[in-house]
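Read the structure below first, then the notes.
The values are calculated or read from the model by the stated rules, or taken from the named source; none is laboratory data. Model, not experiment: these values are computed from the prediction. Methodologically, a virtual Cβ is constructed for each residue, glycine included, from the backbone with ideal geometry; neighbour enumeration extends over all protein chains shown. Side chains are part of the model used for accessible areas, which takes the heavy atoms of the whole protein and leaves out ligands, DNA and RNA. Shrake-Rupley method; radii C 1.70, N 1.55, O 1.52, S 1.80 Å.
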Amino acid sequence: MHLKSLIAGGALAFAATGAFAQDYPNRPVTIIVPFAAGGPTDVAARIYGEFFARTLGQQFVVENAAGAGGTTGALRAARSKPDGYTVFVHNVAPHVSGPVLYPSATYDPITNFIPIGTLAYAAHYVVVRKDFPAKDLKSLIEYAKANPTKINYGSAGAGSATHLACVLFGQQTGAQITHVPYRGTGPALNDLVAGTLDMMCDQGLNMMGQATAGSVNVLAIAQKARFPGLPNVPTTAEAGLPGFEVQAATAMYAIAGTPEPIVKKLVDTMAGAFKDAGVRKRIQDLASELPSNGQDTPAGLAALTKSEYDRWSGAIKKGNIKVQ
Ligand code: MLT
(Lines give C-alpha, C1' and ligand atoms only; values in the text may rest on other atoms or scores of the structure.)
Protein backbone atom coordinates (compact mmCIF):
# COMPACT_ATOMS: atom_id res chain seq x y z
CA MET A 1 0.00 0.00 0.00
CA HIS A 2 1.13 3.52 -0.76
CA LEU A 3 2.62 5.42 2.20
CA LYS A 4 0.21 8.37 1.73
CA SER A 5 -2.89 6.21 1.87
CA LEU A 6 -1.46 4.37 4.88
CA ILE A 7 -1.06 7.68 6.73
CA ALA A 8 -4.52 8.85 5.64
CA GLY A 9 -5.98 5.51 6.77
CA GLY A 10 -4.25 5.84 10.14
CA ALA A 11 -5.55 9.39 10.61
CA LEU A 12 -9.07 8.27 9.74
CA ALA A 13 -8.90 5.39 12.21
CA PHE A 14 -7.63 7.78 14.89
CA ALA A 15 -10.43 10.28 14.18
CA ALA A 16 -13.00 7.48 14.30
CA THR A 17 -11.69 6.21 17.66
CA GLY A 18 -11.61 9.77 19.04
CA ALA A 19 -15.18 10.50 17.96
CA PHE A 20 -16.27 7.09 19.17
CA ALA A 21 -14.75 7.79 22.58
CA GLN A 22 -16.25 11.26 22.78
CA ASP A 23 -19.85 10.10 22.82
CA TYR A 24 -19.02 6.92 24.78
CA PRO A 25 -21.19 5.47 26.16
CA ASN A 26 -24.11 6.03 23.82
CA ARG A 27 -25.86 2.77 24.76
CA PRO A 28 -25.98 0.55 27.87
CA VAL A 29 -22.75 -1.01 29.10
CA THR A 30 -22.70 -4.62 30.32
CA ILE A 31 -20.81 -5.41 33.53
CA ILE A 32 -20.00 -9.12 33.49
CA VAL A 33 -19.98 -10.55 37.04
CA PRO A 34 -18.83 -14.17 37.10
CA PHE A 35 -20.81 -15.15 40.22
CA ALA A 36 -24.47 -15.41 41.22
CA ALA A 37 -26.51 -12.31 42.09
CA GLY A 38 -26.50 -11.19 45.72
CA GLY A 39 -22.88 -12.15 46.46
CA PRO A 40 -20.01 -9.76 47.19
CA THR A 41 -18.79 -9.34 43.61
CA ASP A 42 -22.32 -8.64 42.44
CA VAL A 43 -23.00 -6.19 45.29
CA ALA A 44 -19.79 -4.21 44.63
CA ALA A 45 -20.46 -4.18 40.86
CA ARG A 46 -23.96 -2.80 41.42
CA ILE A 47 -22.81 -0.06 43.83
CA TYR A 48 -20.21 1.18 41.33
CA GLY A 49 -22.47 0.48 38.33
CA GLU A 50 -25.04 2.92 39.71
CA PHE A 51 -22.36 5.61 40.08
CA PHE A 52 -21.05 4.99 36.54
CA ALA A 53 -24.60 5.17 35.15
CA ARG A 54 -25.31 8.44 36.96
CA THR A 55 -22.00 9.96 35.87
CA LEU A 56 -21.88 8.78 32.26
CA GLY A 57 -25.61 8.98 31.55
CA GLN A 58 -26.09 5.39 30.39
CA GLN A 59 -27.18 2.24 32.16
CA PHE A 60 -24.49 -0.12 33.43
CA VAL A 61 -26.27 -3.47 33.49
CA VAL A 62 -24.92 -6.38 35.53
CA GLU A 63 -24.93 -9.74 33.77
CA ASN A 64 -24.28 -12.66 36.15
CA ALA A 65 -22.33 -15.23 34.13
CA ALA A 66 -21.73 -17.69 36.97
CA GLY A 67 -20.05 -21.10 36.91
CA ALA A 68 -16.76 -22.93 37.27
CA GLY A 69 -15.40 -20.75 40.08
CA GLY A 70 -15.82 -17.56 38.07
CA THR A 71 -13.94 -18.81 35.02
CA THR A 72 -17.06 -19.08 32.82
CA GLY A 73 -17.66 -15.34 33.15
CA ALA A 74 -13.96 -14.47 32.92
CA LEU A 75 -13.64 -16.36 29.66
CA ARG A 76 -16.78 -14.72 28.30
CA ALA A 77 -15.39 -11.30 29.27
CA ALA A 78 -11.98 -12.02 27.72
CA ARG A 79 -13.70 -12.92 24.43
CA SER A 80 -16.01 -9.88 24.40
CA LYS A 81 -15.68 -7.13 21.83
CA PRO A 82 -13.13 -4.64 23.23
CA ASP A 83 -15.25 -1.57 22.60
CA GLY A 84 -15.96 -0.41 26.16
CA TYR A 85 -19.51 -1.77 26.09
CA THR A 86 -18.43 -4.75 28.16
CA VAL A 87 -16.47 -4.37 31.37
CA PHE A 88 -15.62 -7.06 33.87
CA VAL A 89 -15.91 -7.02 37.67
CA HIS A 90 -14.21 -9.89 39.45
CA ASN A 91 -12.63 -10.87 42.68
CA VAL A 92 -8.89 -10.66 42.03
CA ALA A 93 -7.97 -14.03 43.65
CA PRO A 94 -10.28 -16.22 41.50
CA HIS A 95 -9.52 -14.03 38.49
CA VAL A 96 -5.84 -14.96 38.66
CA SER A 97 -6.22 -18.51 40.01
CA GLY A 98 -8.85 -19.61 37.45
CA PRO A 99 -6.46 -20.47 34.63
CA VAL A 100 -4.13 -22.23 37.10
CA LEU A 101 -6.97 -24.49 38.23
CA TYR A 102 -9.22 -24.98 35.21
CA PRO A 103 -7.86 -26.34 31.93
CA SER A 104 -10.94 -24.86 30.22
CA ALA A 105 -10.10 -21.34 31.48
CA THR A 106 -8.07 -20.36 28.46
CA TYR A 107 -7.73 -16.69 29.32
CA ASP A 108 -4.75 -14.75 30.58
CA PRO A 109 -5.75 -12.76 33.67
CA ILE A 110 -3.03 -10.20 33.01
CA THR A 111 -2.75 -9.70 29.25
CA ASN A 112 -6.44 -10.13 28.32
CA PHE A 113 -7.62 -7.35 30.66
CA ILE A 114 -6.89 -3.71 31.38
CA PRO A 115 -7.00 -2.66 35.06
CA ILE A 116 -9.51 0.12 35.78
CA GLY A 117 -9.69 0.13 39.57
CA THR A 118 -10.14 -1.85 42.79
CA LEU A 119 -13.70 -1.43 44.04
CA ALA A 120 -13.33 -2.81 47.56
CA TYR A 121 -11.05 -4.67 49.90
CA ALA A 122 -12.99 -6.99 52.17
CA ALA A 123 -11.65 -9.06 55.02
CA HIS A 124 -12.80 -12.64 55.24
CA TYR A 125 -14.67 -13.83 58.33
CA VAL A 126 -14.95 -17.32 59.77
CA VAL A 127 -18.72 -17.81 59.98
CA VAL A 128 -20.76 -20.81 61.11
CA ARG A 129 -24.45 -21.65 61.10
CA LYS A 130 -26.33 -20.28 64.06
CA ASP A 131 -26.82 -23.61 65.83
CA PHE A 132 -23.31 -24.97 65.17
CA PRO A 133 -21.95 -26.57 68.39
CA ALA A 134 -18.67 -24.57 68.39
CA LYS A 135 -19.29 -21.01 69.58
CA ASP A 136 -15.73 -19.66 69.19
CA LEU A 137 -12.79 -20.16 66.84
CA LYS A 138 -10.76 -22.36 69.18
CA SER A 139 -13.65 -24.78 69.71
CA LEU A 140 -14.33 -24.79 65.95
CA ILE A 141 -10.73 -25.85 65.27
CA GLU A 142 -10.86 -28.50 68.03
CA TYR A 143 -14.19 -29.80 66.71
CA ALA A 144 -12.85 -29.92 63.13
CA LYS A 145 -9.76 -31.83 64.21
CA ALA A 146 -11.78 -34.29 66.29
CA ASN A 147 -14.21 -34.83 63.40
CA PRO A 148 -12.16 -34.92 60.17
CA THR A 149 -14.13 -34.08 56.98
CA LYS A 150 -17.38 -33.74 58.98
CA ILE A 151 -17.63 -29.95 58.75
CA ASN A 152 -18.74 -28.76 55.33
CA TYR A 153 -18.02 -25.26 54.09
CA GLY A 154 -19.58 -23.40 51.21
CA SER A 155 -17.80 -21.32 48.61
CA ALA A 156 -18.39 -19.71 45.24
CA GLY A 157 -16.64 -22.65 43.52
CA ALA A 158 -13.15 -24.07 43.29
CA GLY A 159 -10.65 -21.23 43.10
CA SER A 160 -13.07 -18.59 44.40
CA ALA A 161 -11.86 -16.32 47.21
CA THR A 162 -14.20 -18.02 49.69
CA HIS A 163 -12.74 -21.39 48.69
CA LEU A 164 -9.10 -20.30 48.81
CA ALA A 165 -9.57 -18.61 52.20
CA CYS A 166 -10.95 -21.85 53.70
CA VAL A 167 -8.13 -23.83 52.05
CA LEU A 168 -5.68 -21.57 53.89
CA PHE A 169 -7.70 -22.08 57.08
CA GLY A 170 -7.29 -25.85 56.65
CA GLN A 171 -3.57 -25.50 55.86
CA GLN A 172 -2.92 -23.32 58.91
CA THR A 173 -4.99 -25.28 61.43
CA GLY A 174 -4.47 -28.81 60.10
CA ALA A 175 -8.27 -29.23 60.11
CA GLN A 176 -9.82 -31.32 57.34
CA ILE A 177 -13.02 -29.60 56.25
CA THR A 178 -15.17 -30.56 53.27
CA HIS A 179 -15.71 -28.20 50.35
CA VAL A 180 -19.19 -27.62 48.90
CA PRO A 181 -18.99 -25.40 45.77
CA TYR A 182 -21.85 -23.08 44.77
CA ARG A 183 -22.29 -20.67 41.84
CA GLY A 184 -21.67 -17.75 44.15
CA THR A 185 -21.35 -16.87 47.81
CA GLY A 186 -24.91 -15.48 47.86
CA PRO A 187 -26.55 -18.93 47.46
CA ALA A 188 -23.99 -20.50 49.84
CA LEU A 189 -24.92 -17.96 52.52
CA ASN A 190 -28.61 -18.82 52.05
CA ASP A 191 -27.78 -22.43 52.96
CA LEU A 192 -25.69 -21.34 55.95
CA VAL A 193 -28.66 -19.34 57.22
CA ALA A 194 -30.97 -22.29 56.52
CA GLY A 195 -28.59 -24.49 58.53
CA THR A 196 -27.79 -27.00 55.77
CA LEU A 197 -24.18 -25.78 55.58
CA ASP A 198 -21.81 -25.59 58.58
CA MET A 199 -19.27 -22.95 57.76
CA MET A 200 -17.99 -20.30 55.37
CA CYS A 201 -14.88 -18.12 55.08
CA ASP A 202 -17.07 -15.30 53.84
CA GLN A 203 -16.60 -11.60 53.15
CA GLY A 204 -18.38 -8.81 54.97
CA LEU A 205 -19.64 -7.60 51.59
CA ASN A 206 -21.79 -10.72 51.56
CA MET A 207 -22.74 -11.55 55.11
CA MET A 208 -22.98 -8.23 56.99
CA GLY A 209 -26.79 -8.20 56.90
CA GLN A 210 -27.09 -11.76 58.23
CA ALA A 211 -24.34 -11.16 60.80
CA THR A 212 -26.03 -8.09 62.29
CA ALA A 213 -29.41 -9.86 62.19
CA GLY A 214 -27.87 -12.74 64.16
CA SER A 215 -28.82 -15.34 61.51
CA VAL A 216 -25.23 -16.70 61.48
CA ASN A 217 -22.45 -16.80 64.08
CA VAL A 218 -19.34 -14.82 63.16
CA LEU A 219 -16.36 -16.33 65.02
CA ALA A 220 -13.47 -14.14 63.83
CA ILE A 221 -12.34 -11.55 61.32
CA ALA A 222 -9.23 -12.59 59.38
CA GLN A 223 -7.35 -9.30 59.62
CA LYS A 224 -5.30 -7.37 62.19
CA ALA A 225 -8.07 -5.07 63.46
CA ARG A 226 -11.67 -5.60 64.49
CA PHE A 227 -14.37 -4.08 62.30
CA PRO A 228 -16.21 -1.28 64.17
CA GLY A 229 -19.55 -2.46 62.73
CA LEU A 230 -19.07 -5.86 64.45
CA PRO A 231 -17.21 -4.78 67.61
CA ASN A 232 -17.69 -8.10 69.42
CA VAL A 233 -16.10 -10.20 66.69
CA PRO A 234 -12.46 -10.91 67.62
CA THR A 235 -9.59 -10.88 65.17
CA THR A 236 -8.15 -14.28 64.25
CA ALA A 237 -5.05 -13.46 66.34
CA GLU A 238 -7.23 -12.64 69.37
CA ALA A 239 -9.23 -15.81 68.79
CA GLY A 240 -6.12 -18.01 68.76
CA LEU A 241 -5.20 -18.24 65.08
CA PRO A 242 -2.55 -15.57 64.47
CA GLY A 243 -1.37 -15.24 60.89
CA PHE A 244 -4.68 -16.28 59.37
CA GLU A 245 -5.34 -13.04 57.52
CA VAL A 246 -7.11 -12.98 54.19
CA GLN A 247 -8.50 -10.02 52.33
CA ALA A 248 -10.46 -10.21 49.10
CA ALA A 249 -10.19 -7.46 46.51
CA THR A 250 -12.94 -6.85 43.97
CA ALA A 251 -11.83 -5.03 40.84
CA MET A 252 -12.99 -3.69 37.50
CA TYR A 253 -11.15 -4.45 34.27
CA ALA A 254 -11.75 -3.39 30.68
CA ILE A 255 -11.18 -5.89 27.89
CA ALA A 256 -7.72 -5.80 26.26
CA GLY A 257 -7.92 -3.82 23.04
CA THR A 258 -10.47 -1.28 24.37
CA PRO A 259 -9.56 2.11 22.83
CA GLU A 260 -7.35 4.18 25.11
CA PRO A 261 -9.70 7.23 25.33
CA ILE A 262 -12.52 4.94 26.53
CA VAL A 263 -10.23 3.32 29.10
CA LYS A 264 -9.35 6.83 30.30
CA LYS A 265 -13.03 7.71 30.65
CA LEU A 266 -13.61 4.60 32.76
CA VAL A 267 -10.53 5.31 34.90
CA ASP A 268 -11.60 8.95 35.43
CA THR A 269 -15.11 7.85 36.40
CA MET A 270 -13.64 5.35 38.84
CA ALA A 271 -11.57 8.13 40.43
CA GLY A 272 -14.83 10.06 40.89
CA ALA A 273 -16.49 7.01 42.48
CA PHE A 274 -13.65 6.71 45.02
CA LYS A 275 -14.40 10.27 46.18
CA ASP A 276 -18.18 9.91 46.18
CA ALA A 277 -19.61 9.98 49.71
CA GLY A 278 -22.48 7.64 48.81
CA VAL A 279 -20.23 4.98 47.25
CA ARG A 280 -17.78 5.23 50.16
CA LYS A 281 -20.47 4.82 52.78
CA ARG A 282 -22.12 1.84 51.08
CA ILE A 283 -18.79 0.01 50.72
CA GLN A 284 -17.66 0.85 54.27
CA ASP A 285 -21.01 -0.18 55.78
CA LEU A 286 -20.38 -3.62 54.28
CA ALA A 287 -17.21 -4.08 56.33
CA SER A 288 -14.98 -3.20 53.39
CA GLU A 289 -12.43 -0.56 52.51
CA LEU A 290 -11.83 1.55 49.45
CA PRO A 291 -8.35 1.59 47.93
CA SER A 292 -5.92 4.26 49.13
CA ASN A 293 -2.21 5.09 49.12
CA GLY A 294 -1.49 4.51 45.45
CA GLN A 295 -3.72 1.43 45.26
CA ASP A 296 -6.49 3.65 43.90
CA THR A 297 -4.97 3.76 40.41
CA PRO A 298 -4.87 1.31 37.49
CA ALA A 299 -1.15 0.79 38.26
CA GLY A 300 -2.08 -0.12 41.84
CA LEU A 301 -4.55 -2.70 40.54
CA ALA A 302 -2.01 -4.03 38.02
CA ALA A 303 0.49 -4.59 40.85
CA LEU A 304 -2.18 -6.22 43.02
CA THR A 305 -3.25 -8.53 40.17
CA LYS A 306 0.35 -9.68 39.73
CA SER A 307 1.04 -10.19 43.46
CA GLU A 308 -2.26 -12.07 43.94
CA TYR A 309 -1.29 -14.28 41.01
CA ASP A 310 2.00 -15.16 42.72
CA ARG A 311 0.31 -15.73 46.10
CA TRP A 312 -2.56 -17.94 44.94
CA SER A 313 -0.80 -19.94 42.27
CA GLY A 314 1.72 -20.79 45.04
CA ALA A 315 -1.04 -21.77 47.50
CA ILE A 316 -2.80 -23.89 44.86
CA LYS A 317 0.38 -25.77 44.06
CA LYS A 318 1.26 -26.20 47.77
CA GLY A 319 -2.25 -27.40 48.61
CA ASN A 320 -2.28 -29.61 45.50
CA ILE A 321 -5.74 -28.24 44.84
CA LYS A 322 -7.53 -29.80 41.90
CA VAL A 323 -10.93 -29.11 40.48
CA GLN A 324 -13.14 -32.12 41.25
C1 MLT B 1 -15.57 -15.31 45.80
O2 MLT B 1 -14.54 -15.31 45.16
O3 MLT B 1 -15.77 -16.09 46.73
C4 MLT B 1 -16.62 -14.33 45.34
O5 MLT B 1 -16.44 -13.13 45.93
C6 MLT B 1 -17.96 -14.91 45.37
C7 MLT B 1 -19.10 -14.10 44.97
O8 MLT B 1 -18.99 -12.93 44.61
O9 MLT B 1 -20.22 -14.66 45.01
Exercise for the section: Express in nm, to one decimal, how much length is gained between Gln176 and Ala213 on full extension, taking 0.36 nm for each residue of separation and deducting their alpha carbon distance. Expected result: 10.4 nm
Completion exercise
Tilt, helix 137-146 to longest principal axis of the chain (alpha-carbon atoms), in degrees rounded to tens, equals 70
Exercise for the section: Mind telling me which of Ala44, Ala21, Ala213 comes out most flexible in a GNM of the chain, alpha-carbon contacts under 10 Å? Expected result: Ala213
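Which entries in Lys265/Lys318; Lys150/Lys281; Lys224/Lys275; Lys130/Lys224; Lys224/Lys265; Lys81/Lys281 show an alpha-carbon gap greater than 32 Å?
Distance filter (> 32 Å) returns Lys265/Lys318; Lys150/Lys281; Lys224/Lys265; Lys81/Lys281.
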Handout entry: FRET efficiency, 1/(1 + (r/R0)^6) with R0 45 Å, evaluated for Asp285 and Ala146 via beta carbons
Key = 0.75
Practice task
Evaluate the relative contact order of the chain (contact order divided by residue number), counting alpha-carbon pairs under 8 angstrom at least 6 apart; express in whole percent.
Solution key: 25
Exercise for the section: Work out from phi, with θ = phi - 60° and the Karplus expression 6.51 cos²θ - 1.76 cosθ + 1.60, the ³J(HN,Hα) of each residue of the stretch 257-264, listed in order in whole Hz, and give x for Gly and Pro. Expected result: x, 4, x, 3, x, 6, 4, 4
Exercise for the section: Mind pulling the angle between the C-alpha long axis of helix 161-173 and the longest principal axis of the chain? Nearest 10 degrees, somewhere in 0 to 90. Expected result: 40
Practice task
Enter the angle in degrees (range 0 to 90, nearest 10) between the Cα long axis of helix 92-101 and the first principal axis of the Cα atoms of the chain, meaning the one along which they spread out most.
Solution key: 90
Exercise for the section: Read phi for every residue in the stretch 291-304 and hand back ³J(HN,Hα) as whole Hz from Karplus 6.51 cos²θ - 1.76 cosθ + 1.60, θ = phi - 60°, with x for Gly and Pro. Expected result: x, 8, 6, x, 7, 8, 9, x, 5, x, 5, 4, 5, 5
Exercise for the section: Give the calculated FRET efficiency between Ser104 and Asp83 to the nearest 0.05, with a Förster radius of 25 Å applied to their Cβ-Cβ distance. Expected result: 0.45
Exercise for the section: Mind checking the per residue accessible area of the stretch 122-221 for me, 1.4 Å probe, whole number of Å²? Expected result: 34
Practice task
For a label point 7 Å from the Cα of Asp136 along Cα→C-beta, name the residues of the stretch 201-224 whose backbone N is under 15 Å from it.
Solution key: 218-221
Problem - Arg46, Arg129, Arg76, Arg183, ranked by accessible area, largest first (probe 1.4 Å) - result: Arg183, Arg76, Arg46, Arg129
Exercise for the section: May I ask you to give the percent of accessible area on the stretch 217-262 that is carbon plus sulfur, with a probe radius of 1.4 Å? Expected result: 55
